[in-house]
Amino acid sequence: MLAQERAVTEFRLLERTKRMKRLRALLINGVAASLCRGVPALLPTAARRHPPRRAGSAVATTLRIDGMALGLYLLLAIAIPSLCCADVTKLPVEDRKALQDASRFHEIRATSNLPPAILALCDGGGDGKLAEPGQKWNATDVITDPALPGKRLIWAAVGGEYYVVHYERGGIDHSFHILVAKLSKDDAKPKVVWRAVGRPFKDYAAFLGALRSGKLDDRLDYPH
């Protein structure tokens, strides 16, 4: 416990100095190393080359494990936010300009005001069943009621042929999604323009702010 408390105290002191930049670089490099060679790559070089062999080395081994746990915690605390917030890369320029014209969009707070074909896109082509904002749903991987949806609408916005749907997805990883699709009167099926994940946004204006500041991630093919 003393070793952990000392490590935490030293880390807090480093945050207040310029050495924090160097620590960040070392930790990020450690993430890359751990992905290639596994968690043992996070141990100091000397510890990897000369592990304790004496019978009385249990304390040293425990300290190494505690240090690894603290190191992994710090790595996750620093690396995960940067992975979750990235520049938007897949949204076409012309569609981005259309979305940024907030005056053309009006918000919707009920699934009954959205076309079934748009709702089906949120449900991966399923029955398009989304819970209404604030209503009961299966928010975790523990299904409390099979009749309840596993996704819930937060809000939607409509502007001409554009539909923007912000919804949350339950399960092991509770996530928040943005779907942008186009559906005109002459179209038989909607066209998916863009998908992304991010944080919950209270309204369309908050979504636009996140879009401008790069707080949405469209790099990976996340489950939607």
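The values are calculated or read from the model by the stated rules, or taken from the named source; none is laboratory data. If you're wondering where the values come from, they're calculated on a predicted model, not measured in any experiment. Here Cβ is always computed from backbone atoms with ideal geometry, including for glycine, and neighbour counts include all displayed protein chains.
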Residue under evaluation VAL192, criteria (1) farther than 21 Å from ALA102 by Cβ; (2) part of a loop (DSSP other than H, G, I, E, B); (3) not charged (D, E, K, R), criterion not met: (2)
Answer from LYS215, LYS182, LYS189 - the residue that is closer than 26 Å to THR89 by Cβ, loosely packed, with under 14 Cβ neighbours inside 10 Å and of a type outside the set (S, T, N, Q): LYS189
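Just to be sure, is LYS151 at pLDDT below 95, surrounded by 13 or more Cβ atoms within 10 Å (Cβ to Cβ) and among the charged types (D, E, K, R)? Can you show your working first?
Working: at pLDDT below 95: yes; surrounded by 13 or more Cβ atoms within 10 Å (Cβ to Cβ): yes; among the charged types (D, E, K, R): yes.
Considered against the rule, which asks whether it is at pLDDT below 95, surrounded by 13 or more Cβ atoms within 10 Å (Cβ to Cβ) and among the charged types (D, E, K, R), LYS151 comes out as yes.
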Wholly within region 89-170, strands (runs of 3 or more DSSP E) carrying at least 1 residues that are in the same structural domain as TRP194 (by TED's automatic domain parsing) and within 19 Å of the chain's Cα centre (by Cα): 151-159, 162-169
Options THR140, THR89, THR144; residue that is modelled with pLDDT of 55 or more, in contact with a Gly (Cβ under 8 Å, 6 or more places away or on another chain) and not aliphatic (A, V, I, L, M): THR140
Within region 180-220, tally of residues that are over 20 Å from the mean Cα position of the chain (by Cα), over 14 Å from VAL164 (Cβ atoms) and not hydroxyl-bearing (Ser, Thr, Tyr): 5
Enumeration of residues in region 180-203 that are closer than 17 Å to ILE108 by Cβ and out of contact with any strand residue (DSSP E or B) (no Cβ under 7 Å at 6 or more places or on another chain): LYS202
